[in-house]
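Inspection log for the structure reproduced underneath, given as structure tokens.
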Amino acid sequence: MGERSQQTIARVADVAGVGFLWGADVRLRFLPAEPDYGVQFVRSDLGNSPPIPALVDYTVPRERRTAIEFGGARVEMIEHVMAALAGLQVDNCRVEVDAPEPPGCDGSSMFFAEAIANAGIVTQDRPRQVVTIQEDVIAADDHETDVRAEAAAHCGLEITYELDYGPDSPIQAHTVTCRVTPESFLEQLAFSRTFVLEAEAQALKAQGYGARLTTADLLIFGSQGPIENELRAEDECARHKLLDCVGDLALIGCDLRGRIVARRSGHRLNAEIVRRLKLAHPNHFFVNPETNGGCRAA
Ligand SMILES: [Zn+2]
């Protein structure tokens with residue numbers, strides 16, 4: 001696979017829905033952007049708030065979601081939007097959202113991916129920057145929770161997600177591997193939904209989150225499996241965790257080539273492997289918040 005050109009969307013696309021966390025009616029709008037713009041989120045409900053580059057340097061720590069912040073503006077739970085953009089190789093896009101979070105939709109990336117695909121994707125007259133993983137880079141919590149980045153013989157990005165919550169979990173251990181391309185993203189990943197355990201769902205509600213969510217909107221696992229809901233695939237949970245990886249790895253701001261193996265990881269470790277990959281490939285990065293260069297060869 002040689003160099004590819006940067007891409008943006010051909011026209012504006014809208015997605016409306018309810019925010020998972022704060023429960024507001026939210027409208028998200030994808031807009032075309034010039035080469036090297038990258039992906040930037042804009043809080044359209046806040047007057048004059050600056051665009052927030054969707055890059056790891058702008059992430060702020062949050063439980064179980066990926067959030068970015070700049071100049072007093074913040075957007076949380078961006079990962080499923082980011083996965084749709086990265087999965088379909090839309091490199092330059094302004095994402096306007098009139099709330100602190102995108103619409104949750106069905107907890108997957110499908111609505112975003114369909115909106116982008118329907119808008120159309122156009123190539124731009126500028127090469128897309130690439131980081132080719134040369135040596136092992138690892139981010140670990142402990143001996144069974146880590147993300148490893150490795151060199152690979154092929155020229156794409158292959159991600160493996162090993163999900164294992166232990167023998168007592170209602171979610172069985174399973175593993176999914178995907179060579180991420182626009183086709184494989186649409187067919188194998190985009191439909192997979194966010195999931196939580198019943199106790200986690202109750203804890204979130206107790207904290208005031210998800211007031212408008214029902215078991216039909218969010219895949220909640222009780223001791224016997226999904227509550228009032230059905231899996232879209234036996235391995236939907238690992239597929240969703242892999243989808244989350246696609247969205248989080250996109251915070252590097254360029255294409256990645258190599259192999260990623262994630263074991264039980266979540267958004268925090270995903271961001272950490274991106275930071276470490278940047279440190280391991282320092283010449284590939286030049287971050288300028290004004291222009292969001294993000295990923296230019298130095
Ligand atoms: Zn997710």
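Read-outs: derived from the displayed coordinates by stated rules, not from any lab. Being a predicted model, the structure only gives us computed values, none of them experimental. Please note: Cβ atoms are built from the backbone with ideal geometry, for glycine as well, and neighbour counts cover all protein chains shown.
The value of relative contact order for the chain, using C-alpha pairs under 8 Å at least six residues apart, is 24 percent. Along each principal axis, taking the top coordinate minus the bottom one, the Cα set of the stretch 161-279 gives 40, 29, 28 Å in descending order.
With all projection directions averaged, the alpha carbon convex hull of the stretch 90-231 covers 11.9 nm². Modelled this way, with points 7 Å down the Cα-to-C-beta line, the labels at residue 206 and residue 153 are 5.2 nm from one another.
The alpha-carbon atoms of the stretch 13-106, seen along their principal axes, cover 34, 28, 26 angstrom, with the largest extent given first. Tell me which of 152, 92, 214 sits at the most positive position along the dipole axis of the chain, charges placed on C-beta atoms (Lys, Arg +1; Asp, Glu -1). In the chain, that residue is 92. The alpha carbon convex hull volume per residue for the stretch 32-85 rounds to 98 Å³.
Rounded, prolate or oblate: which fits the stretch 77-160 when a ≥ b ≥ c are the square roots of the eigenvalues of the alpha-carbon gyration tensor, with rounded for a/c under 1.5 and prolate only if a/b beats b/c?
Values: a/c = 2.43, a/b = 1.36, b/c = 1.79.
Because a/c hits 1.5 or more and a/b fails to exceed b/c, the stretch 77-160 counts as oblate.
Rounded to whole Å, the principal axis extents of the Cα atoms in the chain read 52, 45, 33, largest first.
Ranking 112, 20, 199 by how far each Cα lies toward the positive end of the dipole of the chain (charges on Cβ) leaves 112 at the top.
From helices alone, the chain scores -5500 deg cm²/dmol at 222 nm; the rule is -39500 (n - 2.57) for each run of n ≥ 4 DSSP H residues, then divide by the residue total. Each peptide in 233-246, 73-86, 188-201 was scored by the mean count of other Cβ atoms within 10 Å over its residues; highest first, the order is 73-86, 233-246, 188-201.
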